[in-house]
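What follows is calculated from the coordinates using simple rules that are stated; it is not laboratory data. What you see is a predicted model; the values in this text were computed from it and never measured. Counting neighbours? That spans all protein chains shown, and the Cβs are built from the backbone with ideal geometry, glycine included.
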Amino acid sequence: MTQRQLAKKCGLSAGYVALLETGISEPPPLKTCRRLARALGVNWEEVRQRSFAARLKTWLKREGFSGIPETELLDLVRRIEGASR
């Protein structure tokens with residue numbers, strides 16, 4: 001699927017999809033993640049967790065912490081979610 005096709009399917013601009021794919025833009029809001037997951041036919045729960053991890057990574061980087069592997073961030077997200085239930 002092209003960026004343009006995905007954008008049309010999600011009601012987004014092709015330029016925004018390109019920015020998301022290259023990691024230039026901020027992580028998308030959950031509403032956009034849900035649209036992308038549906039359009040791509042992927043597991044919503046995994047997309048939601050990865051979005052949370054990406055937002056956490058962005059915040060940690062702003063606070064001076066960088067270089068945390070994605071696997072550790074995803075584990076942290078799962079622990080945070082488990083503690084909040």
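The table that follows gives values for the structure above.
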| item | result |
| --- | --- |
| Condition met for Ala7 (assigned to a helix (DSSP H, G or I), more than 11 Å from the chain's Cα centre (by Cα), farther than 25 Å from Leu73 by Cβ and among the hydrophobic types (A, V, I, L, M, F, W, C)) | yes |
| Evaluation of Leu60 against (1) touching a helix residue (DSSP H, G or I) at 6+ places or on another chain (Cβ under 9 Å); (2) more than 21 Å from Gly82 (Cβ to Cβ) (one fails), failing number | (2) |
| Flag if Gly23 is within 10 Å of the chain's Cα centre (by Cα) and within 20 Å of Leu76 (Cβ to Cβ) | yes |
| Pair list, Cβ < 7 Å and 6+ apart or interchain, from the range 5-31 residues that are more than 21 Å from Trp44 (Cβ to Cβ) to residues that are exposed (fewer than 14 other Cβ atoms within 10 Å of the Cβ) and among the charged types (D, E, K, R) | Ala14/Arg4 |
| Filtered residues of the range 32-57 (kept if assigned to a helix (DSSP H, G or I), farther than 19 Å from Leu73 by Cα and β-branched (Val, Ile, Thr)) | Thr32 |
| Filter result (among the acidic types (Asp, Glu) and under 16 Å from Gly23 (Cβ atoms)) within the range 54-85 | Glu70 |
| Single residue of the range 32-84 satisfying the filter (hydroxyl-bearing (Ser, Thr, Tyr) and over 29 Å from Leu6 (Cα atoms)) that is surrounded by the fewest Cβ atoms within 10 Å (Cβ to Cβ) | Ser84 |
| Residues that are surrounded by fewer than 17 Cβ atoms within 10 Å (Cβ to Cβ) and either among the acidic types (Asp, Glu) or part of a helix (DSSP H, G or I) (or both), drawn from the range 15-31 | Gly15, Tyr16, Ala18, Leu19, Glu21, Thr22, Glu26, Leu30, Lys31 |
